[in-house]
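Everything below concerns the one structure shown next.
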Amino acid sequence: MENYKKTIHLGIIGAGKVTTQPNRHIDSIRSLHDKDVEITAIADITPGLAADVAEEFHIPYSFEDYHDLLAMETIDAVTINTPTFTHKQIALDCIRAGKHVYVEKPITQTAEELVEVLAEARKSNKVFLGGSNGLLQRQMRMFRQLVSSGRMGETYLMTIDRCSSRNQEYGMHSLSGKHGSGISSHSGSHNVEWALYLLGDPNPVSVQARGYYQTQSLSLSGVPETYDDDTCIATVYFDNGATFLFKALRAAPGQDKYVMNLYGDKMSLSYDVLKCYKQQSDDCIHLYEHDPILGMQEIIPKFQCGKTHADMYEHFFSCIRDHIPCISNGDRGLVTMRILDAMEQSILHGGCQIFL
Ligand SMILES: NC(=O)c1ccc[n+]([C@@H]2O[C@H](COP(=O)([O-])OP(=O)(O)OC[C@H]3O[C@@H](n4cnc5c(N)ncnc54)[C@H](O)[C@@H]3O)[C@@H](O)[C@H]2O)c1
């Protein structure tokens, strides 16, 4: 890999919500105040959109065809923020163009597609980062340290409990088809990856899931979507004995909630994701130590929450400049995709157990 003594010139493909909304891509990059990073170009297939966004955010170059962005030799790194069904081809093109690449979650539609992308990425000497940005937040790394240091003891269970009312859900109307807009994929692509990371990267043994659909009112265009579960309840069993329990609903008006719990035999933690995202509050993490005499004791965590995309970019730029190993180089993403594929199969077959 080359040495980065120079500015990283970044190109963004996709100028939609996740690129332009507050605390997402452009805002997060700018919030880092990293003088050695420049957003040089943006591309979007929707006529005029990239030019509008470039003007609004003072980005020097804009294109409708992302191949023109990739043809710019000055572009070192690219972020892919397009609907999921486009990720595979765009990622392959970016890697072949010799760029460092970050792909939004879900990295691809299926595990099969990701295998193809990773094979190409492994041939390149550039950084490939993909998947859940939430996993790259600093608190997640602290959680992982608590696990790997042994302080939590044996971590045997992670749970996700997520409820929202549909019209408050973010990014619901990206008509990305399979593995894109259903809650099992929209939220599961984050949460399964977190479970793998925090349970010690175990191998999944089997998956059981039920999904419930309310598709008619989902589509903005009035066209019913074929794969859009609104509610998903899933259990993933791992070879180290650990379990991941996932419950996500987006048809639960007035009950907004997004909580992750991680249980170990020495310590447990509770992380209020919603509080962290929406209120930027540090009071979103609670740690409990199991004292044999006193019972469960709450202890004050010594770390603060980071911001999702900002922490992701900090990591991406460090991987490029300092050659540090990427936390999400696609390997865990592939296991995530295999689990999501199995969740889909289980949902489609009425909740039967799918062995991996
Ligand atoms: N990490 C997160 O928390 C998070 C949140 C929301 C969305 N996402 C992911 O980000 C991606 C984009 O989501 P969004 O909500 O911004 O969607 P969006 O529909 O608002 O924007 C996508 C943009 O991509 C453009 N596009 C489509 N095909 C293209 C192509 N071939 N070339 C160039 N541009 C193309 C569209 O014109 C559109 O402007 C999805 O994969 C989604 O899952 C991640």
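Points worth noting:
- Of the three principal axes defined by the Cα atoms of the chain, the extents in descending order read 63, 48, 39 Å.
- For the listed residue pairs Lys35/Lys123; Lys35/Lys307; Lys105/Lys302; Lys17/Lys275; Lys6/Lys278; Lys99/Lys278, the alpha carbons are over 25 angstrom apart in Lys35/Lys123; Lys105/Lys302; Lys6/Lys278; Lys99/Lys278.
- About the centre of its Cα atoms, the chain shows a dipole size close to 540 debye [charges on the beta carbon of Lys, Arg (+1) and Asp, Glu (-1) only; nearest 20 debye].
- Hydrodynamic radius of the range 1-125 by the Kirkwood approach over all distinct alpha-carbon pairs: 14.7 Å.
- Using just its DSSP H runs of length 4 or more, each adding -39500 (n - 2.57), the chain gives a mean residue ellipticity at 222 nm of -9000 deg cm²/dmol after division by all residues.
- Estimated inter-spin distance, Glu56 and Lys35, nm [label 7 Å along Cα→Cβ]: 2.9
- Angle in degrees between helix 138-148 and the longest Cα principal axis of the chain, rounded to the nearest 10: 50
- Taking all protein chains as they are arranged and a probe of 1.4 Å, the heavy atoms of Ser149 leave approximately 80 Å² accessible to solvent.
- Of all accessible heavy-atom area on the chain, the percent that carbon and sulfur account for (1.4 Å): 52
- If both residues of a DSSP beta bridge must be in the chain, then about 60% of such bridges are antiparallel.
- Residues of type aspartates and glutamates that Lys266 reaches as a straight line, Cα spacing below 16 Å, ignoring anything fewer than 8 places off in the same chain: Glu154, Glu289, Asp291, Glu298
- Accessible surface, the chain, averaged per residue in Å² (probe 1.4 Å): 44
- Principal-axis tilt of helix 188-198 within the chain, Cα atoms, nearest 10 degrees: 60
- 0 to 90° range, to nearest 10: angle between helix 111-123 axis and the chain longest Cα axis: 60
The values are calculated or read from the model by the stated rules, or taken from the named source; none is laboratory data. It should be emphasised that the depicted structure is a prediction, and the values quoted were computed from it without experimental measurement. A quick note on method: Cβ atoms are made from the backbone with ideal geometry, for glycine too, and the neighbour counts reach across all protein chains shown. Keep in mind that these areas ignore ligands, DNA and RNA; they rest on the heavy atoms of the full protein, side chains included. Shrake-Rupley method; radii C 1.70, N 1.55, O 1.52, S 1.80 Å.
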